[in-house]
Amino acid sequence: MTVKTTNKLLGNHSERILELDALRGLAALAVVLFHFTTRYDNLFGHVTTLSASVPWGHYGVDLFFMLSGFVILMTLDRQSDPWKFAWGRFSRLYPAYWAAVLVTFAVVAYCGLPGQEVSFGAALVNLTMVQSLLDAPHVDGAYWSLQAELIFYANMLVCYRLGAFRRPRLTLAVWVGIAGLIHLLISSSENSVPVLANLANKVATITSLKYIPLFAVGMLLYHARQQGRLTRLDLVTLLGCWATVGLFDGMAHALVASLLSVCLFLAVQGYLPHLKSRVLIALGALSYPLYLIHQNIGFVLIRWLESLAVPPSWAIGAAVVLAFLLAALLHQLVEKPALAALRRSGKSVQRTPARILNPA
(Lines give C-alpha, C1' and ligand atoms only; values in the text may rest on other atoms or scores of the structure.)
Protein backbone atom coordinates (compact mmCIF):
# COMPACT_ATOMS: atom_id res chain seq x y z
CA MET A 1 0.00 0.00 0.00
CA THR A 2 1.37 3.40 -0.94
CA VAL A 3 0.16 6.97 -0.80
CA LYS A 4 1.25 8.72 -3.99
CA THR A 5 2.43 12.31 -3.98
CA THR A 6 1.58 15.00 -6.48
CA ASN A 7 3.70 15.23 -9.64
CA LYS A 8 3.87 18.99 -9.28
CA LEU A 9 6.00 18.73 -6.17
CA LEU A 10 8.04 15.75 -7.27
CA GLY A 11 9.14 17.54 -10.39
CA ASN A 12 11.64 19.89 -8.76
CA HIS A 13 13.09 19.10 -5.37
CA SER A 14 15.45 22.07 -5.42
CA GLU A 15 12.66 24.63 -5.13
CA ARG A 16 11.92 26.17 -1.76
CA ILE A 17 8.86 24.71 -0.06
CA LEU A 18 7.08 27.87 1.02
CA GLU A 19 4.57 25.95 3.11
CA LEU A 20 7.39 25.07 5.52
CA ASP A 21 8.11 28.76 6.10
CA ALA A 22 4.45 29.42 6.78
CA LEU A 23 4.19 26.54 9.25
CA ARG A 24 7.32 27.77 11.02
CA GLY A 25 5.76 31.21 11.37
CA LEU A 26 2.50 29.80 12.73
CA ALA A 27 4.42 27.65 15.20
CA ALA A 28 6.35 30.70 16.45
CA LEU A 29 3.14 32.71 16.83
CA ALA A 30 1.52 29.86 18.81
CA VAL A 31 4.50 29.76 21.19
CA VAL A 32 4.40 33.55 21.66
CA LEU A 33 0.70 33.51 22.53
CA PHE A 34 1.18 30.56 24.88
CA HIS A 35 3.96 32.38 26.74
CA PHE A 36 2.08 35.67 27.06
CA THR A 37 -1.14 34.03 28.24
CA THR A 38 -0.77 30.65 29.94
CA ARG A 39 2.94 30.67 30.79
CA TYR A 40 2.88 34.22 32.14
CA ASP A 41 -0.16 33.37 34.23
CA ASN A 42 1.63 30.37 35.72
CA LEU A 43 4.78 32.34 36.56
CA PHE A 44 3.44 35.71 37.68
CA GLY A 45 -0.35 35.69 37.44
CA HIS A 46 -2.30 38.20 35.36
CA VAL A 47 -4.09 40.83 37.45
CA THR A 48 -7.47 39.59 36.21
CA THR A 49 -8.68 36.40 34.57
CA LEU A 50 -8.02 36.29 30.83
CA SER A 51 -11.00 36.11 28.53
CA ALA A 52 -8.96 33.92 26.16
CA SER A 53 -5.79 31.88 26.52
CA VAL A 54 -3.61 29.64 24.35
CA PRO A 55 -2.70 26.69 26.62
CA TRP A 56 -1.88 24.48 23.62
CA GLY A 57 0.57 26.95 22.06
CA HIS A 58 3.65 25.20 23.43
CA TYR A 59 3.01 22.41 20.92
CA GLY A 60 4.42 24.84 18.38
CA VAL A 61 7.84 23.57 19.49
CA ASP A 62 6.79 20.05 18.42
CA LEU A 63 6.09 21.44 14.96
CA PHE A 64 9.48 23.19 14.98
CA PHE A 65 11.18 19.86 15.64
CA MET A 66 9.23 18.12 12.87
CA LEU A 67 10.12 20.90 10.44
CA SER A 68 13.77 20.67 11.46
CA GLY A 69 13.80 16.94 10.77
CA PHE A 70 12.42 17.56 7.27
CA VAL A 71 14.69 20.50 6.47
CA ILE A 72 17.94 19.09 7.88
CA LEU A 73 17.65 15.84 5.95
CA MET A 74 16.85 17.86 2.83
CA THR A 75 19.88 20.10 3.50
CA LEU A 76 22.20 17.12 3.96
CA ASP A 77 20.90 15.55 0.74
CA ARG A 78 21.80 18.75 -1.10
CA GLN A 79 25.00 19.56 0.80
CA SER A 80 26.64 16.83 2.86
CA ASP A 81 30.09 18.45 3.04
CA PRO A 82 30.68 18.68 6.82
CA TRP A 83 32.39 22.09 6.70
CA LYS A 84 29.71 23.68 4.55
CA PHE A 85 26.91 22.13 6.59
CA ALA A 86 28.40 23.21 9.94
CA TRP A 87 29.21 26.71 8.71
CA GLY A 88 25.73 27.06 7.24
CA ARG A 89 24.09 26.08 10.52
CA PHE A 90 26.40 28.37 12.51
CA SER A 91 25.74 31.38 10.27
CA ARG A 92 22.01 30.70 10.41
CA LEU A 93 21.72 30.26 14.17
CA TYR A 94 24.34 32.09 16.15
CA PRO A 95 24.50 35.80 15.18
CA ALA A 96 20.81 36.47 15.82
CA TYR A 97 20.95 34.30 18.95
CA TRP A 98 23.93 36.18 20.38
CA ALA A 99 22.22 39.52 19.80
CA ALA A 100 18.99 38.26 21.41
CA VAL A 101 20.85 36.89 24.45
CA LEU A 102 22.61 40.22 25.03
CA VAL A 103 19.48 42.34 24.55
CA THR A 104 17.31 40.07 26.72
CA PHE A 105 19.94 39.91 29.47
CA ALA A 106 20.31 43.72 29.46
CA VAL A 107 16.54 44.36 29.60
CA VAL A 108 15.90 41.84 32.39
CA ALA A 109 18.95 43.01 34.37
CA TYR A 110 17.82 46.65 34.14
CA CYS A 111 14.05 46.22 34.60
CA GLY A 112 14.00 43.12 36.79
CA LEU A 113 11.95 39.97 36.32
CA PRO A 114 11.53 37.78 39.44
CA GLY A 115 12.89 34.30 38.99
CA GLN A 116 14.24 35.01 35.51
CA GLU A 117 17.38 37.04 36.22
CA VAL A 118 20.75 35.35 35.65
CA SER A 119 24.32 36.41 36.40
CA PHE A 120 26.60 37.94 33.79
CA GLY A 121 28.69 34.77 33.89
CA ALA A 122 25.62 32.64 33.13
CA ALA A 123 24.76 34.98 30.25
CA LEU A 124 28.21 34.37 28.78
CA VAL A 125 27.70 30.62 29.07
CA ASN A 126 24.40 31.06 27.22
CA LEU A 127 26.36 32.24 24.18
CA THR A 128 27.36 28.61 23.61
CA MET A 129 23.69 27.61 23.10
CA VAL A 130 24.36 24.46 25.17
CA GLN A 131 24.03 26.07 28.60
CA SER A 132 21.88 23.25 29.99
CA LEU A 133 24.68 20.77 29.38
CA LEU A 134 26.96 23.17 31.25
CA ASP A 135 24.48 23.48 34.16
CA ALA A 136 23.84 27.19 33.56
CA PRO A 137 20.35 28.77 33.63
CA HIS A 138 18.79 30.14 30.44
CA VAL A 139 18.81 33.89 29.84
CA ASP A 140 15.36 33.24 28.39
CA GLY A 141 13.38 30.09 29.08
CA ALA A 142 12.51 29.70 25.41
CA TYR A 143 16.12 28.85 24.63
CA TRP A 144 15.82 25.28 25.90
CA SER A 145 14.75 24.03 22.47
CA LEU A 146 17.75 25.56 20.69
CA GLN A 147 20.16 23.20 22.45
CA ALA A 148 18.01 20.26 21.35
CA GLU A 149 18.08 21.53 17.75
CA LEU A 150 21.85 22.12 17.77
CA ILE A 151 22.63 18.66 19.16
CA PHE A 152 20.26 17.12 16.63
CA TYR A 153 22.11 18.87 13.76
CA ALA A 154 25.43 17.49 15.02
CA ASN A 155 24.05 13.97 15.37
CA MET A 156 22.47 14.14 11.91
CA LEU A 157 25.77 15.17 10.33
CA VAL A 158 27.58 12.26 12.00
CA CYS A 159 24.88 9.75 11.03
CA TYR A 160 24.74 11.02 7.47
CA ARG A 161 28.52 10.91 7.04
CA LEU A 162 28.57 7.35 8.39
CA GLY A 163 26.04 6.34 5.75
CA ALA A 164 23.20 5.63 8.15
CA PHE A 165 20.70 7.36 5.86
CA ARG A 166 21.33 5.01 2.97
CA ARG A 167 18.53 3.09 4.70
CA PRO A 168 16.60 5.96 6.33
CA ARG A 169 13.53 4.00 7.36
CA LEU A 170 15.59 1.42 9.25
CA THR A 171 17.79 4.12 10.83
CA LEU A 172 14.79 6.08 12.07
CA ALA A 173 13.00 2.97 13.35
CA VAL A 174 16.08 1.98 15.36
CA TRP A 175 16.63 5.54 16.64
CA VAL A 176 13.03 5.85 17.82
CA GLY A 177 13.07 2.35 19.32
CA ILE A 178 16.19 3.13 21.36
CA ALA A 179 14.54 6.36 22.51
CA GLY A 180 11.63 4.37 23.93
CA LEU A 181 13.97 1.97 25.73
CA ILE A 182 16.03 4.82 27.22
CA HIS A 183 12.85 6.49 28.46
CA LEU A 184 11.75 3.27 30.16
CA LEU A 185 15.20 3.02 31.79
CA ILE A 186 14.98 6.60 33.05
CA SER A 187 11.42 6.13 34.39
CA SER A 188 12.21 2.87 36.16
CA SER A 189 15.42 4.11 37.81
CA GLU A 190 14.45 7.69 38.78
CA ASN A 191 13.55 6.70 42.35
CA SER A 192 15.57 3.52 42.83
CA VAL A 193 18.86 4.46 41.11
CA PRO A 194 18.88 8.25 40.56
CA VAL A 195 22.52 8.24 39.42
CA LEU A 196 21.68 5.82 36.61
CA ALA A 197 18.61 7.86 35.66
CA ASN A 198 20.70 11.03 35.52
CA LEU A 199 23.33 9.33 33.35
CA ALA A 200 20.66 7.94 31.01
CA ASN A 201 19.10 11.39 30.80
CA LYS A 202 22.44 12.92 29.77
CA VAL A 203 22.94 10.22 27.15
CA ALA A 204 19.42 10.83 25.84
CA THR A 205 20.22 14.54 25.54
CA ILE A 206 23.52 14.25 23.68
CA THR A 207 22.18 11.57 21.30
CA SER A 208 18.91 13.44 20.54
CA LEU A 209 16.88 10.53 21.91
CA LYS A 210 14.63 12.84 23.94
CA TYR A 211 13.09 14.47 20.88
CA ILE A 212 13.92 12.08 18.05
CA PRO A 213 10.29 10.89 17.74
CA LEU A 214 9.37 14.43 16.63
CA PHE A 215 12.44 15.02 14.45
CA ALA A 216 11.87 11.59 12.87
CA VAL A 217 8.37 12.54 11.71
CA GLY A 218 9.85 15.31 9.55
CA MET A 219 12.60 13.04 8.22
CA LEU A 220 10.12 10.31 7.31
CA LEU A 221 7.88 12.74 5.49
CA TYR A 222 10.85 14.19 3.61
CA HIS A 223 11.99 10.73 2.54
CA ALA A 224 8.47 9.77 1.50
CA ARG A 225 8.22 12.94 -0.57
CA GLN A 226 11.51 12.17 -2.30
CA GLN A 227 10.49 8.60 -3.02
CA GLY A 228 7.05 9.60 -4.24
CA ARG A 229 5.17 7.38 -1.84
CA LEU A 230 4.37 6.75 1.80
CA THR A 231 4.87 3.03 2.41
CA ARG A 232 3.45 0.70 5.05
CA LEU A 233 6.81 0.81 6.82
CA ASP A 234 6.64 4.61 6.87
CA LEU A 235 3.17 4.44 8.43
CA VAL A 236 4.33 1.89 11.00
CA THR A 237 7.35 4.05 11.90
CA LEU A 238 5.10 7.11 12.19
CA LEU A 239 2.87 5.16 14.56
CA GLY A 240 6.00 4.26 16.51
CA CYS A 241 6.97 7.93 16.72
CA TRP A 242 3.54 8.89 18.04
CA ALA A 243 3.51 5.98 20.48
CA THR A 244 6.94 7.01 21.81
CA VAL A 245 5.72 10.58 22.27
CA GLY A 246 2.79 9.13 24.22
CA LEU A 247 5.18 7.04 26.29
CA PHE A 248 7.18 10.16 27.13
CA ASP A 249 4.37 12.65 27.71
CA GLY A 250 0.98 10.97 27.61
CA MET A 251 -1.59 10.14 24.96
CA ALA A 252 -2.87 13.71 24.64
CA HIS A 253 0.58 14.75 23.45
CA ALA A 254 0.68 11.76 21.09
CA LEU A 255 -2.64 12.85 19.57
CA VAL A 256 -1.33 16.37 19.01
CA ALA A 257 1.85 14.95 17.43
CA SER A 258 -0.23 12.85 15.05
CA LEU A 259 -2.36 15.85 14.02
CA LEU A 260 0.73 17.98 13.45
CA SER A 261 2.24 15.15 11.38
CA VAL A 262 -0.83 15.03 9.16
CA CYS A 263 -0.71 18.81 8.79
CA LEU A 264 2.95 18.69 7.74
CA PHE A 265 2.24 15.84 5.31
CA LEU A 266 -0.59 17.77 3.66
CA ALA A 267 1.54 20.93 3.49
CA VAL A 268 4.53 19.34 1.74
CA GLN A 269 2.26 17.49 -0.69
CA GLY A 270 0.75 20.80 -1.80
CA TYR A 271 -2.70 20.21 -0.34
CA LEU A 272 -2.65 23.41 1.75
CA PRO A 273 -2.07 26.12 -0.88
CA HIS A 274 -3.34 28.91 1.39
CA LEU A 275 -0.13 28.54 3.39
CA LYS A 276 1.64 30.30 0.53
CA SER A 277 0.06 33.65 1.40
CA ARG A 278 2.46 36.58 1.63
CA VAL A 279 1.50 37.26 5.23
CA LEU A 280 2.34 33.74 6.35
CA ILE A 281 5.58 33.67 4.36
CA ALA A 282 6.60 36.97 5.98
CA LEU A 283 5.68 35.55 9.38
CA GLY A 284 7.91 32.58 8.60
CA ALA A 285 10.83 34.89 7.81
CA LEU A 286 10.49 36.43 11.28
CA SER A 287 9.92 33.14 13.11
CA TYR A 288 13.46 32.61 14.41
CA PRO A 289 14.11 36.17 15.69
CA LEU A 290 10.55 36.27 17.07
CA TYR A 291 11.19 33.07 19.02
CA LEU A 292 14.50 34.41 20.30
CA ILE A 293 13.42 37.84 21.49
CA HIS A 294 9.82 37.63 22.65
CA GLN A 295 9.48 35.87 26.00
CA ASN A 296 11.25 37.63 28.87
CA ILE A 297 11.13 41.07 27.26
CA GLY A 298 7.40 40.56 26.70
CA PHE A 299 7.01 39.48 30.32
CA VAL A 300 8.73 42.68 31.48
CA LEU A 301 6.35 44.83 29.44
CA ILE A 302 3.23 42.93 30.55
CA ARG A 303 4.19 43.23 34.25
CA TRP A 304 4.85 46.96 33.91
CA LEU A 305 1.62 47.68 32.04
CA GLU A 306 -0.50 45.59 34.39
CA SER A 307 1.08 47.41 37.35
CA LEU A 308 -0.34 50.59 35.77
CA ALA A 309 -3.84 49.02 35.75
CA VAL A 310 -3.76 48.30 32.02
CA PRO A 311 -6.09 45.33 31.31
CA PRO A 312 -4.22 42.08 30.62
CA SER A 313 -5.57 41.75 27.08
CA TRP A 314 -4.18 45.19 26.19
CA ALA A 315 -0.88 44.44 27.92
CA ILE A 316 -0.58 41.18 25.99
CA GLY A 317 -1.42 42.95 22.73
CA ALA A 318 1.30 45.53 23.41
CA ALA A 319 3.80 42.75 24.17
CA VAL A 320 2.95 41.00 20.89
CA VAL A 321 3.45 44.23 18.96
CA LEU A 322 6.76 44.88 20.71
CA ALA A 323 7.90 41.31 20.05
CA PHE A 324 7.23 41.68 16.33
CA LEU A 325 8.98 45.05 16.18
CA LEU A 326 12.06 43.67 17.93
CA ALA A 327 11.99 40.55 15.74
CA ALA A 328 11.85 42.70 12.60
CA LEU A 329 14.81 44.77 13.82
CA LEU A 330 16.77 41.65 14.72
CA HIS A 331 15.99 40.16 11.32
CA GLN A 332 16.95 43.25 9.33
CA LEU A 333 19.90 44.52 11.37
CA VAL A 334 21.52 41.26 12.50
CA GLU A 335 20.15 38.04 11.03
CA LYS A 336 20.14 38.91 7.31
CA PRO A 337 23.42 40.85 7.08
CA ALA A 338 25.29 38.43 9.34
CA LEU A 339 24.01 35.43 7.40
CA ALA A 340 25.11 36.96 4.09
CA ALA A 341 28.51 38.06 5.42
CA LEU A 342 29.33 34.77 7.12
CA ARG A 343 28.34 32.69 4.13
CA ARG A 344 30.47 34.88 1.85
CA SER A 345 33.43 34.50 4.21
CA GLY A 346 32.83 30.76 4.42
CA LYS A 347 33.05 30.46 0.65
CA SER A 348 36.28 32.49 0.53
CA VAL A 349 37.86 30.31 3.24
CA GLN A 350 36.94 27.18 1.28
CA ARG A 351 38.43 28.60 -1.94
CA THR A 352 41.79 29.50 -0.37
CA PRO A 353 43.21 25.96 -0.02
CA ALA A 354 42.29 25.18 -3.63
CA ARG A 355 44.31 28.23 -4.85
CA ILE A 356 47.30 27.17 -2.75
CA LEU A 357 47.25 23.60 -4.06
CA ASN A 358 46.56 24.61 -7.62
CA PRO A 359 47.82 28.16 -8.31
CA ALA A 360 46.74 27.99 -11.93
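Restricting attention to the chain, the count of lysine pairs at 8 or more positions apart or across chains with alpha carbons under 18 Å apart stands at 4.
Gaussian network model of the chain, Cα springs within a sub-10 Å range: biggest mean-square fluctuation belongs to which of Leu260, Leu43, Leu20? Its mean-square fluctuation being the largest, the pick is Leu43. Considering only alpha-carbon pairs that sit under 8 angstrom and 6 or more positions apart, the relative contact order computed for the chain is 30 percent.
Please report, as a whole percent, how much of the solvent-accessible surface of the chain comes from carbon and sulfur atoms (probe radius 1.4 Å).
On the way: 11500 of 17280 Å².
So the carbon and sulfur contribution to the accessible surface is 67 percent.
Using 0.36 nm times the number of residues separating Asn42 and Leu272, minus their current alpha carbon distance, what extension gain do you get? Provide the component values of the computation, followed by the final result.
Values: separation 230, 0.36 × 230 = 82.80 nm, distance 3.49 nm.
So the extension gain works out to 79.3 nm.
Leu233 to Asp77: extension gain in nm, 0.36 nm per residue of separation minus the Cα-Cα distance? Length gained between Leu233 and Asp77: 54.0 nm. Normalising the average separation of contacting C-alpha pairs (under 8 angstrom, six or more residues apart) by the number of residues puts the relative contact order of the range 93-150 at 30 percent. Only helices enter this figure: runs of n ≥ 4 DSSP H residues, each worth -39500 (n - 2.57), summed and divided by the residues of the chain, yield -23000 deg cm²/dmol at 222 nm to the nearest 500. The chymotrypsin sites (Phe, Trp or Tyr not before Pro) of the range 216-292 that DSSP puts in a loop, and whose beta carbon has at most 14 other beta carbons within 10 Å, are Tyr271.
Dividing the mean sequence gap of close Cα pairs (under 8 Å, 6+ apart) by how many residues the range 215-354 holds gives a relative contact order of 16 percent. Residues considered: Val125, Val320, Val158. Largest GNM mean-square fluctuation over the chain, using C-alpha springs under 10 Å, is found at Val158.
Of Ser119, Ser277, which has the most accessible area with a 1.4 Å probe, and how do the rest follow in descending order? Please report the intermediate quantities before stating the final value.
On the way: Ser119 70, Ser277 45 Å².
So, going from the largest accessible area down, we get Ser119, Ser277.
Of interest is the spacing of the C-alpha centroids, which for the range 216-282 and the range 36-73 amounts to 19 Å. For the range 98-136 versus the range 137-211, the spacing of their alpha-carbon centroids is 25 Å.
With R₀ set to 25 Å, the beta-carbon distance separating Trp314 from Ala106 gives a calculated FRET efficiency near 0.45.
When the chain is treated as a GNM with alpha-carbon contacts under 10 Å, the residue of Leu238, Leu76, Leu330 showing the greatest mean-square fluctuation is Leu76. Of the whole protein surface, Arg232 contributes about 150 Å² of accessible area at a 1.4 Å probe radius.
Please calculate how many Å² of accessible area the chain carries per residue, with a 1.4 Å probe and no DNA, RNA or ligand atoms counted.
Numbers: 17280 Å² over 360 residues.
The answer is 48 Å² per residue.
Quick one: putting +1 on the C-beta of Lys and Arg, -1 on the C-beta of Asp and Glu, what dipole do you get for the chain around its Cα centre, in Debye to the nearest 20?
Dipole about the Cα centre, nearest 20: 1640 debye.
Hydrophobic, long helices, defined as DSSP H runs whose alpha-carbon span along the helix axis is 15 Å or greater and whose mean Kyte-Doolittle value is at least -0.5, occur in the chain at 18-34, 60-78, 82-111, 144-161, 168-189, 194-206, 212-227, 232-249, 251-268, 295-307, 312-330, 336-357.
The values are calculated or read from the model by the stated rules, or taken from the named source; none is laboratory data. Fair warning: this is a prediction, and the values are worked out from it, not measured in the lab. Note that each Cβ is placed from the backbone with ideal geometry, even for glycine, and that neighbours are counted across all protein chains shown. Ligands, DNA and RNA are excluded from the accessible area calculation, which covers all protein heavy atoms including side chains. Shrake-Rupley method; radii C 1.70, N 1.55, O 1.52, S 1.80 Å.
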